[in-house]
Structure formats: C-alpha cells, structure tokens
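To keep things clear, I will list the structure first and then write my remarks on it.
The values are calculated or read from the model by the stated rules, or taken from the named source; none is laboratory data. Here the structure is a predicted model, which means the values were calculated and not measured. With ideal geometry, Cβ positions are generated from the backbone for all residues, glycine too; neighbour counts draw on all protein chains shown.
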Amino acid sequence: MKAKNAEIVGIGTELLQGGLEDTNGRFLAEALHGISIEVVYRTTVGDDRQRIREVLRQALDRAAVVVATGGLGPTEDDRTLGALADVTGRPLILHGETLKRIEERFARRRVVMPESVRRQAMVPEGVLVLPNRHGTAPGLVWQEDRRLLVVLPGPPREMRPLFNEQVLPILLRRTGRGRRIRTRTIKVCGLLESQVEERIIDLLRADPGTVGLLARLGEIHARVTVSGPAGRVVSQLDAWERKLRDRLGDAVFGVDDERLEEVVGRLLRLQGKTVAVAESCTGGLIVHRITNVPGSSEYFERGIVAYSNRAKEELLQVPSSLIEQHGAVSPEAACAMAAGVRRLARADLGLGVTGIAGPGGGTKAKPVGLTYIALADPQGEEWCEHRFRFAREENKLWGSQMALEMLRRSLLKATVKM
C-alpha cells in the first residue's frame, strides 16, 4: 500500500438518490491532490450501518488515508458512529467536552437542546476528537499502524474548516513538506471558451496539462496546476497568472473563489459610487447576488422588480407610449428602466434589465432568451443585447451575470480615468 494514497467516502442515502450533490468529495479530492496524496477511489454509501462498516473496512484495506463525510447527525438515520465503532472495535462512550460544547451552543441560541442531540457526543473510545466550531458533531480521527481514518460532518460549512484547520496539519505531518501540487483558477467573463483558447493556444501547447479550460455558467475558468518544492509553487502560479492576464486582459475578473458580484462591489466601494437596479426578467436575481456580499449597503441603494408593464410605468416612470411603440423588451425600455431607477434612487449608476426568460412568450422577432441590459450614469445610457438559448432558470442566471459584467466593465473604464 502506498503511503500517500487515499479514498474518499461520502455517506448519505440522499447522495445515492441524487437529492444532494457530493461537493465534499470534490473539495477533498482537490485538497488531497494539493499535498501530493493520490485519491485512488471515491465511494458513496447510504445510511446503513452494515454497508458503511463494509465500505470503511474495504477502504482501509486499499488506501493509507480514508476520509469519510456524513452520517454524524442526531437523527435515527445517521449511522456512521455505530459503523465506526464496529470498524475500530471500540465501544461508544460519552465525550464530556463535546457534550459541553453542544450544550453551550444551544444555550447561546436560547434553544432547548433535544435529547437526541446528545448522541453526537458519543465517540469510539480512544479516537482523536476534533472540536467543531461551526456545528455540533465533532470530527473524528482513528489511526492504526500506517492507516488513518478521518470522519467529518457532512455539511460543507462544518466539514471544510475542520479539514483545513485540523485534519490538514495531521496529513502534512504524515506526508512531509517537500513536493507540493497547487492549483489556481483564473476566472473569465465576456469571452467564449473558444475565444479564450485562441488567445492562449501557444501557452497551452508549450506546456500541455498545466492549464485546463472549464466552461461554467456565464464564465470560463482557466485552471492552472503546478508542482514543485513547497517554497516555489506559489511563485510558479503567480507567473502563470501574469501570463494569462496579459493575454486575456479585462476579461479576467477574479481568481479562485472570487465571485463577480464581489468584484463589482469592490470596484464600487473603491470609487465611492452607488448603484440601483431595476429588473424584469431576472426577477430580483441581480439584487440577490449584490446583497449576498457583506458590506453591500455601502454601495447598493435599492432594487425594484418591475415585472409587469404597469409596474414599469408606475414604479420607474417608463412612459406608456415608449412601451406601446417599442415593447417592454427593447433597448429603449431597458434604458428607461435604468435611467428611472437611477433618478428615483439618486444613485450614481442605474442598471436595467428586461427580456423573455421563457419557455413561453417569445416570437420570431423577439425569441425566448432575448435580453436587453442598460446602464445609466450622469452622461446618459448605454445598452447591450443578448440572446440566451437555455431553459428559464439558466436564462435568468445568464441575464444577471451579463448585467454584473456590464457594470464591472464600466467601472473598470472609470478606474482607468481616475
């Protein structure tokens, strides 16, 4: 058995039935790959004690490191603790420190703790208990000979900090701190995947396998993977990022976990500007994304969902004659919406979006997916047309993405002028 291979086990019947996506598996695979631990198997098993026990035993037979997530909750269908007791041959005992943490957590929330939650403080005797700052179920680590079994809670907001802060140091002590593999994702908006490839094709050919292009909804991700001594991989990634930014220019909006709405918010804050949004076909999605960013109250003034023609006329003061002449889905309507919300909010910038999300409502002249986005500032309005060819929800997401991108590009121009 290699000292640096691993198996990831996802536990939960909902994973098998398709009700939940295994984002934990993807996160763990990337994290383990980054410290040169090869993931040789990924397994999913339902909430059945016997099957969980069999899967964990099989994983320990064929991998040096096993990381399992899920099944540590307080309900009857959470069976991982019992299976872990079977695998380790250790009885479950009450872990006093964990119980105290759980009780304190409920007390802070002023909620009576259900008796069933006590079971989350039961752990196999002798295992290492990892305190969970973001939830109730602790992480658990069991080591025997050269095998390491890690069991973590299923919710990503609990699992990821536990892994990064407490499991990763344990794994690094086992693997040493020599050669490392690291990745960085350069995020692009406003270009097709083929257009991105055209601009960097010589880089892709000169160093095959280093950069991979991934199409995401409204974005293209250029994922860079490098390997080398721990002290050099960051400088290698920095060099690749500079190359890609040189080729792709302003189409690059962020890196790794940065979201477009965060970048837009940062630019607005930097320039001391405010924005207001008028939405029709996107149904409030743009406002939702903007206000998901902490501190957005510094630059976001208001949002109006003017879905009907009457709402556009009454709330945004779009002239009824304009809608009669050009239609509610038109450049003129989008500009009037952007100018109207800017004027009413007394904001620096106004964003207006109107379109046909589908699946019905389209015509030959104005098909489903047709979307007009307008941006208003003190100098006037500008607009752009998009023709999305997706299902309703995707058309709405694309509309919000392109609206935020239009705002970002405008702010970048203003930054250059400042």
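Among what's in the range 320-365 and is of a type outside the set (Val, Ile, Thr) and part of a strand (DSSP E or B), pick the residue that is nearest to Leu397 (Cα to Cα).
My answer is Gly355.
Looking at Thr183, is it within 23 Å of the chain's Cα centre (by Cα) and either among the hydroxyl-bearing types (Ser, Thr, Tyr) or in the same structural domain as Ile35 (by TED's automatic domain parsing) (or both)?
yes
Just checking, does the range 124-135 include any residue being touching an Asp or Glu at 6+ places or on another chain (Cβ under 8 Å), small (Gly, Ala, Ser), closer than 23 Å to Ile37 by Cβ and assigned to a loop (DSSP other than H, G, I, E, B)?
No.
Mind listing just one residue for me: the one in the range 380-418 that is of a type in the set (Phe, Trp, Tyr) and out of contact with any Ser or Thr (no Cβ under 9 Å at 6 or more places or on another chain) and, of those, modelled with the highest pLDDT? Talk me through it step by step, then tell me what you get.
As a first pass, look at the range 380-418 and keep what is of a type in the set (Phe, Trp, Tyr): 383, 388, 390, 398.
Right, trim to out of contact with any Ser or Thr (no Cβ under 9 Å at 6 or more places or on another chain) and you get 383, 390.
Numbers: Trp383: 98, Phe390: 94.
The qualifying residue modelled with the highest pLDDT is Trp383.
Among the candidates Arg79, Arg53, single out the residue that is charged (D, E, K, R), buried (at least 17 other Cβ atoms within 10 Å of the Cβ) and out of contact with any Leu (no Cβ under 9 Å at 6 or more places or on another chain).
Just a single option satisfies the conditions, and that option is Arg79.
Could you please tell me which pairs satisfy a Cβ distance under 7 Å, a separation of 6+ or placement on different chains, a first residue in the range 321-345 that is touching a residue at least 60 places away in the same chain (Cβ under 8 Å), and a second residue that is aliphatic (A, V, I, L, M) and in a helix (DSSP H, G or I)?
From the range 321-345, the pairs are Gly340/Leu316; Val341/Leu316.
How many of the residues making up the range 6-34 are under 17 Å from Arg147 (Cα atoms) and either part of a loop (DSSP other than H, G, I, E, B) or hydrophobic (A, V, I, L, M, F, W, C) (or both)?
Matching residues across the range 6-34 total 4.
Checking the condition in the same structural domain as Pro153 (by TED's automatic domain parsing) and within 27 Å of Arg184 (Cβ to Cβ), which residue from Leu15, Leu60, Leu32 passes?
Of the residues listed, the single one that is in the same structural domain as Pro153 (by TED's automatic domain parsing) and within 27 Å of Arg184 (Cβ to Cβ) is Leu32.
What tally of residues in the range 329-344 results from selecting those that are in contact with a strand residue (DSSP E or B) (Cβ under 6 Å, 6 or more places away or on another chain) and surrounded by fewer than 20 Cβ atoms within 10 Å (Cβ to Cβ)?
Qualifying residue count, the range 329-344: 1.
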